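Following: one structure in C-alpha cells, then a few remarks.
The values are calculated or read from the model by the stated rules, or taken from the named source; none is laboratory data. This is a predicted model, so every value here is computed, not measured. Positions of Cβ are backbone-derived with ideal geometry, glycine not excepted, and every protein chain shown enters the neighbour counts.
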Amino acid sequence: MANSEDNLFKNVIAHSKEYGFIFPSSEIYDGLSAVYDYGQNGAELKNNIKEYWWKFMTMMHDNIVGIDAAIFMHPTTWKASGHVDAFNDPMIDNKDSKKRYRADQLIEGVIEKLEEKIEKEVEKAAKRFENFDRAMFVSTNARVVEYQKKIDDINNRLKEAMATNNMEAMKQLVVDLEIADPISGTKNWTDVRQFNLMFSTEMGSVADDANKIYLRPETAQGIFVNFLNVQKTGRMKIPFGIAQIGKAFRNEIVARQFIFRMREFEQMEMQFFVKPGEEMKWYEYWKEKRLKWHQALGLGNGNYRYHDHLNLAHYANAACDIQFNFPMGFRELEGIHSRTDFDLKSHEKFSGKKLQYFDPEENQNYIPYVVETSVGLDRMFLSVLSSSYKEEKLEDGSERVVLRIPAALAPNKVAILPLMKKDGLPEKAMEIMNSLKFDVRCFYEEKDAIGKRYRRQDAIGTPYCVTVDHQTLEDNTVTIRDRDTMKQERVKASELNAKLSAACSINNLLKQI
Ligand code: GAP
C-alpha cells in the first residue's frame, strides 16, 4: 500500500471509531484480534446494506426466497462439504519475528510485484509510442516476456503444490523466491503446515470428540441441507434460488486490514438451482446482475472489476470475483461460483437421503446444478465507508470530513436542527420530526452552533439537515441543506416527507438495476 493510501485507510479506521461506526471488540480488555463491533451508526448502515441486498434478491426475483438457518449444523455437514478435509490454508512462521503468514499469499505477493513491473513497462511504452499496441508489446518486449515467464513458472509451481497438498514444494518455492519476512527482514522460515480454518466447540455437557461441532465457515451449507424442504414447501420450480444473510466464522491465519478479513463476519449468499447443463448461462447472468447491483450504489463504476479464478475450488467448474478498489487496492468483494452438483450430491451420499428434484417438464429426477453469489456484508460496508470518506478543502479555506454515503444507505436520513434552543424552536422542530420519523430515520440535535452541527452530520454521512428558525414559526417553511453540495433551500415543512422519502429510498435504487 502506498503511503497516501495507507494514511487514508488509517484515517477511515479512526473516523469509523470516532463517529460510532465500528469499535474493536471488547476494547476495554484491549480488543480481540480481527473481531469488531458495529456501533450505533455502523449498525444502521449495515442494516441498510442488508435491506438493499435482501429486497433485490427476494423481492425483485419472484423465484428466490430467503431463509435463516442455524449457525450450528450437524458435524457431518462439514465432512460432506469438504471443509473438514480441505478448508485449509498453508501457514508458515518466521522464526525471528515469530509472525505467522499464509505461504500462498507470500508467494502471490511476488507475483503481484512482477505484475506491477510489467504495468510500469507498459505505461512507459504507451507514453512513448503513438498507436500503442499493448498485446503486441507484452508479447515481444524482452523484459516483459521474462517477467511473464517468471509469473507463469511461479503460478504453475504454486498450483501444483496446492493441488497435491505438497507443503515441502510450497516451502521450496518460498526459499527459491528468496522471500524475506517484512518485519524481521530474515529468511529464517519454519516448514509450511496446513491449518484448518474452522472453529470448533463442544455441544452438550460431555466434552469428547463425538460432540465436536463447528461454527459454520460459510452460510451456503444451511441452504443446501434445506434445499428440498424449501423446494417442497414453497412449491418451487427450477430455476429457483434460496437466499440467506448470516454470520460465518473462520480462524484466519492472517487477519489484517480492519474489517476486510475478520474471524467473525457476515455473508449474504444465494444459491441458484438450475437444470444440469444450463449452469454456464446462469453463471453469466448472475455475474452481470450482481455487478449492476453494486454499480447502482453510485460509488463509481471504475471501482469494480471482474477477476476470473484460474485455480478453482474443489466444488467449482467456473468462478470469478467482483473486486472493489479498497484503500489497499483491488480486492475480492463478492464471489460468483458455478458449484456444479458437488454439494447436493455429497450431502446425498453422506446423509443417505435423496436430494433430487422432480422436473415435471422433463418427467425425470435429477440433482440440480448450483450457481452461487456470495458477498461479505462487512466488505460491502468497507467498500461503502472507504469510498465515501472524503477530506475536503472548502472555498472559505476551512476543511471538512464528509461521508458521501449513498443516501439510501446512510444511517440517518435527516438531522432536525432548531437554530436556537429557545423561542419555541425546539418544540416546532420536534413537531416536524414527529411528522417524519415513521418514514425516514431522523436525528435531533439542539446543542452547539449550527455550523458545528452541520459538520458533525457531514462526518456521519447524513444526507440532509433541516433547520428550524423563526421564519418557520411564521410560515411553516424550513431550510434544507444538502450534504454533498452544502447548498440550502427553503421549502415547506409539509413537503419534506415526500422529498426525503424519495431521495433516500432503497426502492428507488433498486429500480435502476
Ligand atoms: N460460500 C462461498 C464462500 O464462502 P468465499 O469466497 O470464501 O466463498 C465469500 O467467501 C465472501 O465472503 C467473500 O467474497 C468475502 O466478501 C466474504 N469473506 C470471506 N472471508 C471473509 C473474512 N474472513 N472476513 C470478511 N469477509 C469475508
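Among the residues of the range 301-337, those that are in contact (Cβ under 8 Å) with a residue 24 or more places away in the chain, assigned to a strand (DSSP E or B), more than 23 Å from THR164 (Cβ to Cβ) and away from the ligand (no atom under 12 Å from the Cβ) comprise TYR304, ARG305, ASN325, GLY329, PHE330. Only one of the listed residues (ILE67, ILE111) is in contact (Cβ under 8 Å) with a residue 60 or more places away in the chain and not acidic (Asp, Glu). That residue is ILE67. Screening GLN356 against (1) within 13 Å of the ligand (Cβ to nearest atom); (2) more than 20 Å from the chain's Cα centre (by Cα) leaves a single unmet condition, (1). Can you find a residue in the range 214-227 that is more than 10 Å from the ligand (Cβ to nearest atom) and either in a strand (DSSP E or B) or not assigned by TED's automatic domain parsing to the domain that holds LYS353 (or both)? Yes, the range 214-227 has at least one match. Count of the range 269-295 residues, restricted to those that are among the aliphatic types (A, V, I, L, M) and within 12 Å of the ligand (Cβ to nearest atom), is 1.
Just a yes or no: is a residue in the range 415-424 more than 16 Å from the ligand (Cβ to nearest atom), over 11 Å from VAL468 (Cβ atoms) and at pLDDT below 95? Looking for residues that are more than 16 Å from the ligand (Cβ to nearest atom), over 11 Å from VAL468 (Cβ atoms) and at pLDDT below 95, one finds at least one in the range 415-424, hence yes. Scoring LYS232 on the criteria (1) within 16 Å of the ligand (Cβ to nearest atom); (2) part of a helix (DSSP H, G or I) leaves a single failure, condition (1). Just one of the listed residues (THR479, THR467, THR462) is at pLDDT 95 or above and either assigned to a helix (DSSP H, G or I) or surrounded by fewer than 20 Cβ atoms within 10 Å (Cβ to Cβ) (or both), namely THR479. Starting from residues that are within 10 Å of the ligand (Cβ to nearest atom) and assigned to a strand (DSSP E or B), keep the ones in the range 241-268 and report whichever is farthest from VAL370 (Cα to Cα). The selected residue is GLU264. Among the conditions (1) within 16 Å of the ligand (Cβ to nearest atom); (2) assigned to a helix (DSSP H, G or I); (3) among the aliphatic types (A, V, I, L, M), the only one that MET198 does not satisfy is (2). Only residues that are of a type outside the set (S, T, N, Q), more than 16 Å from the ligand (Cβ to nearest atom) and over 24 Å from TYR315 (Cβ atoms) were counted across the range 359-391, and they come to 6. Regarding the range 23-33, can at least one residue be identified that is within 16 Å of the ligand (Cβ to nearest atom), part of a strand (DSSP E or B), crowded, with 21+ Cβ neighbours inside 10 Å and at pLDDT 95 or above? The answer is no; no qualifying residue exists.
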